[in-house]
1. What about Tyr612, is it touching a Ser or Thr at 6+ places or on another chain (Cβ under 9 Å) and of a type in the set (Phe, Trp, Tyr)?
2. Considering only region 295-350, state which residues are surrounded by fewer than 20 Cβ atoms within 10 Å (Cβ to Cβ), among the aliphatic types (A, V, I, L, M) and farther than 19 Å from Ile235 by Cα.
3. Just need a number here: residues in region 437-449 that are touching a Phe, Trp or Tyr at 6+ places or on another chain (Cβ under 7 Å) and at pLDDT below 90.
4. With open to solvent by 30 Å² or more (accessible area, probe 1.4 Å) and free of Cβ contacts under 8 Å to residues at least 40 places away in the same chain as the only criterion, which of Glu524, Glu543 stands out?
5. When the residues of region 262-277 are filtered to those that are touching a residue at least 12 places away in the same chain (Cβ under 8 Å) and either farther than 25 Å from Val181 by Cα or open to solvent by 30 Å² or more (accessible area, probe 1.4 Å) (or both), which remaining residue is farthest from the chain's Cα centre (by Cα)?
6. Could you please tell me which pairs satisfy a Cβ distance under 7 Å, a separation of 6+ or placement on different chains, a first residue in region 211-224 that is over 23 Å from His334 (Cβ atoms), and a second residue that is surrounded by fewer than 21 Cβ atoms within 10 Å (Cβ to Cβ) and charged (D, E, K, R)?
7. Could you tell me which residue of region 611-628 is most open to solvent (accessible area, probe 1.4 Å), considering only residues that are farther than 18 Å from Gly86 by Cα and part of a strand (DSSP E or B)?
8. With respect to Asn123, determine if the residue is among the polar types (S, T, N, Q), part of a loop (DSSP other than H, G, I, E, B) and modelled with pLDDT under 75.
Amino acid sequence: MNIGSRARIRRAGVFVVVGSLLCFGPTAIAHNDVIVVDDGVIDNAEATHHHHSHEEQHEGPGGHLPAGSENVELVGKGTVGNLGTGRVADVGVHNGYAYLTAFRDPRCQQGGVYIMDIQDPTNPHQVGFVPTSKDTYAGEGSQVISISTPYFNGDLLAFNNEICEAVAGGTRQANGGMTLVDVTDPTDPQKLVKHAGDLGADGRFHTIHSVFMWDAGDKAYAVTVDNHEFEDVDIFDISNPRKPVLIAEYDLAADFPQILQSGVGLDSVFHHDMIVKEIDGRQIMLVSYWDGGYVTLDVTNPLAATYVGDSDFAFPDSGATEYGLNVDPEGNAHQAEFSRDNDYIIAADEDFNPYKNRSSNVTDGTPFANTTGDATPSLPAGEAFDFQTVFVGTACPGGLSPAVPAATGEGQIAVVERGICTFTEKIASVEAAGGYEAMLVFNREGADAGACADLLNMQVSGEIPAMFVARDVGFDLFDLSYDNAACRDATAQESGLAVGTLGDVVRFESFFDGWGYVHLYKNEPGKFTELDTYAVPEAFDEENATEHGDLSVHEIAASHERDDLAYVSYYAAGLRIIKTVDDQIQEVGHFIDEGGNNFWGVQVFEHEGQEYVAASDRDFGIYIFKYTGSD
């Protein structure tokens, strides 16, 4: 269904209604007693990778940019077993072998790590597979390092465990944390620990998005991204990889509030990725903290991490400005690396949605923030829509909620409370009721991260647009008093609204703001100086907003041989090679295969004195390249 073609939609200023974005739970449901833990809230991991446009890759010219190559030699490529669309995730390389994480399949089986022999870079081929546990899969952060401690001497593989989405009424009985594997002999991997992480109240380890290890002499450490405690940077002593120990947890937003840009819409602050590099005898962690920007910490003593520096996002958005767009930055600090000489930080802002919503409460004349569903239609770009809000309860099937009433007029948006069932089940109930132009979900109560005033992303599939707002926004839209402390305690925060209650009028406007791109920062104490940005030009051309795959950057890998060179995995824009000249970024090479590419991971390695780069294609396997430029 194309919302832009539906007659009931009216442009703002033409059709005025009395409605609001958010509403509150029905008194008939004890909705706080039964809440699906994994209802489709997109966490740090899911958030950035449960997109669907990758399905367009390798299926013809409509789903990618034109094939081509400059200053790049394709040395070899190899596919993997059990392949399906989007099944390959990150890549790590160590001592002649590559390790490709296996993302979830539709049944949430066959997650794990493909082991590829790349000792002959012209002939990469699979030699093994390390499975994740039941109902889990791996994504970011496939990494192998050599460590030598009193407890272990050899090569250690680490990967994350993400837990698959729940079914209605409960969650899968899976476990999170990191898995550590002895791959001293890559053809005979031995799991040392299947799950290690921060233990939750339910007796299971928190699911994690990424893991990174570093060697510190007689000690070895790992840092993980906790998908339950969004702001946490969790550090483990893995000197004995059979018995990892959680030794420190840092909430950077609380511990180092100078990293935040408050009151400007950069409110999705969470830990997404990190590396650690020894610089001038100190162990420096580079953290990608989403809307909190990029942050450097001294973790030489992991028990007493100290702030070194961080980035701010420029207003207007610096990358978009280079292409003539005057828009606010979205944040989205996804991944970063130091240049070989440590003078620069090269950072990748990931953004899968080239359109952004501007939203406001028309009745009260106040703006509010919202996020959009990952697999639902967008509002037509360049137009504004006014909606009458209608509260429809939790909208869960099978008698778990009161039935959703049909819309009673044109231009109505169904306002749904989070809880009990998945977002996809909610939107199905709304669509079945009939007549609603869109669905608006507001957050639930709860003491955990991801409730109340938190603004989250939704994994949701449907035929009408879906938006999400924080609970306090919803209370305001219905002129209800909101108390965040009470909400966190899950006391006295039910709205008392009946199904069918009308709220304020809300307005949504959709506009083009481009895809994710690359920043170049000076690596320095305090606030980093932003020196330049880089994007493929197609990413800021609205003609490429659809039908060309994801034109967002994903990861950076700095050259091991040159101070000025870096390799970029750019999803449907292929492999890009960039060079820093006089504090500016220049593209010096690129590659897109016939039929397109969908590159997730990128990793530099050396073979017989020559630098190569491995890239993981989500729909194929591994590609191995060599830069052939003369400069």
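1. So Tyr612 does not fit the description; no.
2. Ala314, Leu325, Val327
3. 1
4. Exactly one of Glu524, Glu543 is open to solvent by 30 Å² or more (accessible area, probe 1.4 Å) and free of Cβ contacts under 8 Å to residues at least 40 places away in the same chain, namely Glu543.
5. Lys277
6. Pairs that qualify, where the first residue is over 23 Å from His334 (Cβ atoms) and the partner is surrounded by fewer than 21 Cβ atoms within 10 Å (Cβ to Cβ) and charged (D, E, K, R), are Lys219/Asp237.
7. Looking at residues that are farther than 18 Å from Gly86 by Cα and part of a strand (DSSP E or B), I get Lys626.
8. no
The values are calculated or read from the model by the stated rules, or taken from the named source; none is laboratory data. From a predicted model like this one, the values you see are computed outputs, not experimental measurements. Heads up, the Cβs are rebuilt from the backbone with ideal geometry, glycines too, and the neighbour counts pull from every protein chain shown. Calculation scope for accessible area: heavy atoms of the full protein, side chains included, ligands and nucleic acids excluded. Shrake-Rupley method; radii C 1.70, N 1.55, O 1.52, S 1.80 Å.
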